[in-house]
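The values are calculated or read from the model by the stated rules, or taken from the named source; none is laboratory data. Predicted model, so just to flag it, every value in this text is computed and none were measured. Here Cβ is always computed from backbone atoms with ideal geometry, including for glycine, and neighbour counts include all displayed protein chains.
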């Protein structure tokens, strides 16, 4: 069966990239022909548009300086822009190597409307990641297959996520997506809260399934890992740094007398490192290797929790309301790991001496959920 896979744009989110890789891999193993929809906001950037962006950046920097923003903060933003470009190149290289095949770039309304006639798909799958969160998925109706109109083709949601446990759709979006979801052949979501959101606001029953990254096992990812040895023992992957997260990391590492590291080395060793600004410029494979080679992991990322579980590495996840805490809580509850969540009022002694993770118990739960999740795909394709 030829299957179109629609997810969020694969730009700089390594977790999002790996969930697409995992879903494509599983579909191939099931005997299908998945093709990733190359969903992009634009086809190319001309020299003129690059120049315009640079002028806009200079104007913004001057405005911030005049308004009292520190020069160092402006430097932060400039470095972050450079990091973004590096991460984007790394992500694109990984996508070109491992997430194939994909469609031509689909950007305009006309291109979306011609997708089915061009590729003759038998089914469309939307997911995973936060494809049903209007803040990230724009326009949200596209992720409910509005571009298919009345075309007769199978429509499936696999591990779609709302990102949060509250309803964030507008009244217009709710009405439109409710009508579109009624045309789906099968619906599954990544969080238990998503089951309730589907039923309460969209009038459809949904099944709770695993994130695609968990459909593969640790050995499936080890084949991607580079032959490098990280310095340090505690892998730090913090998306949104705060003072309390930094305090927790350093107090935890000092209490165990172990060194913190991120994908680019020891946290305190780089002369170019800026306090409070994470460096995430390493390739996807190096990032993944950080989880596999660590003794402990400290993070505030959903997919970092996933890979900690897959690689059997004890982890602590700092609460991150900004990106949606409900999805992390849902994952932890699934495996009975609620105590791995760290809040801003943390008690270090309790965390350092917490109960060790029973990986045998975790794997038993994971094996059953993996079977059920793959069964959902098999049953509905």
### Number of the exception - residue 376 against (1) touching a strand residue (DSSP E or B) at 6+ places or on another chain (Cβ under 9 Å); (2) assigned to a loop (DSSP other than H, G, I, E, B)
(2)
### Task
Mind listing whichever residues of region 133-154 are touching a residue at least 60 places away in the same chain (Cβ under 8 Å) and touching a helix residue (DSSP H, G or I) at 6+ places or on another chain (Cβ under 6 Å)?
137
### Query
Only one residue in 182, 157, 175 is without any contact (Cβ under 8 Å) to a residue 24 or more places away in the chain and either within 21 Å of the chain's Cα centre (by Cα) or within 22 Å of residue 380 (Cα to Cα) (or both), so which one is that?
182
### Query
Taking residue 269 and the conditions (1) in contact with a helix residue (DSSP H, G or I) (Cβ under 9 Å, 6 or more places away or on another chain); (2) at pLDDT below 90; (3) outside any helix (DSSP H, G or I), which numbered condition does it fall short on, given that it satisfies the others?
(1)
### Task
Would you please name the residue that is nearest to residue 286 (Cα to Cα), looking only at residues in region 220-239 that are surrounded by fewer than 18 Cβ atoms within 10 Å (Cβ to Cβ) and modelled with pLDDT of 90 or more?
225
## Note on the structure
Filtering region 187-219 for residues that are more than 19 Å from residue 327 (Cα to Cα) and under 18 Å from the mean Cα position of the chain (by Cα) leaves a count of 3
